[in-house]
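Down below is the structure, laid out as structure tokens.
Please treat every number below as a calculation from the coordinates, not as lab data. Note that the structure is a prediction, hence the values are computed from the model and not measured. Reconstructed Cβ throughout: ideal geometry from the backbone, glycine too, with neighbour counts over all protein chains shown.
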Amino acid sequence: MRIETNTVSITRKDFFNILLRRAYSGRWSLWIILVLLAGVGISAAVSKGDFAILGVVLLLAASFFAYTPLSILRYVNSAETANFYAKRSYVITAETLAVRLESGTVSEFDFSKINKAVRYGRYYLLFLSPQQYFYIPSDCFKTVEDGEGFSELLIEKKLL
């Protein structure tokens, strides 16, 4: 089996959404606790009529919830992420994944090096480590059969 993809690139908006989703996934219990604590602080301030404390609690909650999206937005628009937006194509076999960048650089990886695969919206993320991954758009395959074959390969390798 050999699957070749069309040349693709990721948009800044899609990259932001992937990073934001990764930042918040698996941390729902933390967010629930923080919302509950903020709720308790707000209700205590309102019941005492202390609107200065209410303002501080709301300001802290707003800054805490806005920190992650703002830091991700800053990262997405930084010069160090330029390589993520480079046009690329993929060649996939049962044993390897090759990434060809528009600059001519080719990186080849054994599927055994890939720890897991996750599907976020239109993208597959293939993880080499918790912080290093490749994105492959689900609509970049030349045929529908190639896309299905790739998905079946991930399932067969117990990655997806």
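Looking for something within 15 Å of L19 (Cβ to Cβ), aromatic (F, W, Y) and out of contact with any Pro (no Cβ under 8 Å at 6 or more places or on another chain) - is there at least one such residue anywhere in region 64-81? Yes, region 64-81 has at least one match.
If you go through region 119-160 and pick out every residue that is in a strand (DSSP E or B) and either among the charged types (D, E, K, R) or without any contact (Cβ under 8 Å) to a residue 24 or more places away in the chain (or both), you end up with 3. Residues Y85, Y124, Y75: which one is of a type in the set (S, T, Y), under 21 Å from the mean Cα position of the chain (by Cα) and over 16 Å from S9 (Cβ atoms)? Exactly one of Y85, Y124, Y75 is of a type in the set (S, T, Y), under 21 Å from the mean Cα position of the chain (by Cα) and over 16 Å from S9 (Cβ atoms), namely Y75.
Looking across region 31-63, the residues that are exposed (fewer than 11 other Cβ atoms within 10 Å of the Cβ) and either under 30 Å from R21 (Cα atoms) or touching a residue at least 24 places away in the same chain (Cβ under 8 Å) (or both) come down to I32, I33, L36, L59, S63.
When region 92-118 is examined, which residues are found to be part of a strand (DSSP E or B) and surrounded by 13 or more Cβ atoms within 10 Å (Cβ to Cβ)?
Across region 92-118, the qualifying residues are I92, T93, T96, L97, A98, V99, R100, L101, F109, K116, A117, V118.
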